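Everything below concerns the one structure shown next.
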Amino acid sequence: MRWTERQRAMLREMGIPPFWPVEEPAAQAPSPVAAAAAAVVSTTMASSPEPAGPRRIATVVDEAILQATRESLPATAGASRPPPRATTSPSPANSAGAKPIEVTLGPRPAGIETMDWPALREAVAGCQACGLCQSRTQPVFGVGNEHAQWMLVGEAPGEQEDKQGRPFVGRAGQLLDRMLAAVDLTRAEDEASRQVFIANVLKCRPPANRNPQPQEVAQCEPYLLRQVALVQPKVIVAMGRFAVQSLLKSTEAIGRLRGRVHDLAGVPLIVTYHPAYLLRNPADKALAWEDLCLAREVMRRQA
Ligand code: URA
């Protein structure tokens with residue numbers, strides 16, 4: 001859909017700041033990993049005698065993505081990665097010629113709930129608590145003022161974030177920066193009152209940007225909760241369903257949860273759409289703007 005002048009005028013009337021771009025995202029070719037994974041999925045499904053139910057498809061897709069990701073890593077990449085410690089037995093999905101999938105599971109560091117910032121950073125940097133540590137380039141801890149009044153929580157690092165070690169650096173991040181600027185906030189060096197802290201539910205990139213798995217969220221959650229406890233924000237903005245599910249333990253749709261003030265251990269929490277969703281659904285920027293205004297109002301009431 002292209003935005004007409006009339007629609008743009010409507011957006012302006014709705015109070016959407018002009019600097020939130022409303023253009024369609026450019027169509028993107030699939031990444032080499034996604035293309036390789038898609039090829040493995042179609043070969044596996046075509047040669048499998050099992051019925052293609054949703055669970056089976058999900059398993060095949062996950063394993064194909066893992067396999068394609070591993071194969072895309074340079075030969076030397078394993079040198080700095082934790083060694084694999086457990087190998088799953090070949091499942092029906094990978095018995096059709098694919099290599100067995102190696103899954104590393106290690107203990108999560110103890111005492112996360114009492115860590116200070118340096119200890120928490122170190123724990124995240126060396127975490128091997130789920131299989132994502134095998135395919136990540138580096139964990140993405142979070143950025144911003146460690147005592148910010150606003151804390152924003154996203155889903156998980158994508159390709160660029162994994163490479164650069166910083167959250168929200170791709171197109172969704174550019175939109176997020178504009179959204180923040182619209183309410184006079186920034187993640188950059190600035191007056192403390194204008195700075196935010198940004199973190200994700202998962203600290204490591206899921207291969208080919210697939211959805212976080214429940215066990216990955218469960219393993220990573222203590223890091224996010226400790227970040228919240230250390231930042232002590234006056235307001236939290238949970239962006240997208242994975243942030244909402246993790247922080248509010250609710251599977252309700254964003255549309256039903258947004259527009260009111262929730263509570264996370266005494267901290268007001270506002271639910272809104274993920275910037276990546278807004279890139280695909282620009283009309284909902286009007287709703288995201290309302291959500292930011294609500295968060296700002298919550299902040300003002302505490303001043
Ligand atoms: N999407 C997220 O949720 N987090 C990032 O860091 C980047 C994109």
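Read the figures in this text as sums done on the coordinates, not as results from a lab. Just so it is clear, the model here is predicted, and its values are computed rather than measured. Every residue, glycine among them, receives a Cβ derived from its backbone with ideal geometry; neighbour counts consider all protein chains shown.
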*Of Ala148, Ala123, Asn209, which is farthest on the positive side of the dipole of region 116-238, counting Cα position, with +1 on Lys and Arg Cβ, -1 on Asp and Glu Cβ, and the Cα centre as origin?*
Asn209
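Tell me, Tyr223, Tyr273 in order of fewest to most beta-carbon neighbours within 10 Å? Provide the component values of the computation, followed by the final result.
Values: Tyr223 26, Tyr273 20.
With the sparsest Cβ surroundings first, the list reads Tyr273, Tyr223.
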*√(5λ) per eigenvalue of the Cα gyration tensor, region 140-201, largest first, Å*: 19, 12, 9
*Rg and Dmax of region 106-257, using alpha carbons, in Å: what are they?*
14.6, 42
*Relative contact order computed over region 219-284 (Cα-Cα under 8 Å; 6+ residues apart), in percent*: 34
_Which of Glu113, Glu161, Glu297, Glu290 has the fewest Cβ neighbours within 10 Å, and the rest in rising order_ = Glu113, Glu297, Glu290, Glu161
*Would you kindly state how much longer the chain becomes between Ala181 and Asp263 on full extension, computed as 0.36 nm times their sequence separation minus their alpha carbon distance, in nm to one decimal?*
27.0 nm
*Report the label-to-label distance for Glu221 and Ser47 in nanometres (one decimal), using points 7 Å from each Cα along the Cα→Cβ vector.*
3.9
*asked:* Please arrange Lys203, Lys285, Lys163, Lys249 by how many other C-beta atoms lie within 10 Å of their C-beta, fewest to most.
replied: Lys249, Lys163, Lys285, Lys203
*How far, in nm, would the chain grow between Arg301 and Asp284 when pulled straight, counting 0.36 nm per residue and subtracting the alpha carbon separation?*
3.5 nm
*asked:* Please list, short to long, the whole-number percent of alpha-carbon pairs of region 240-303 in consecutive 5 angstrom bins beginning at zero.
replied: 4, 18, 27, 26, 17, 7, 2, 0
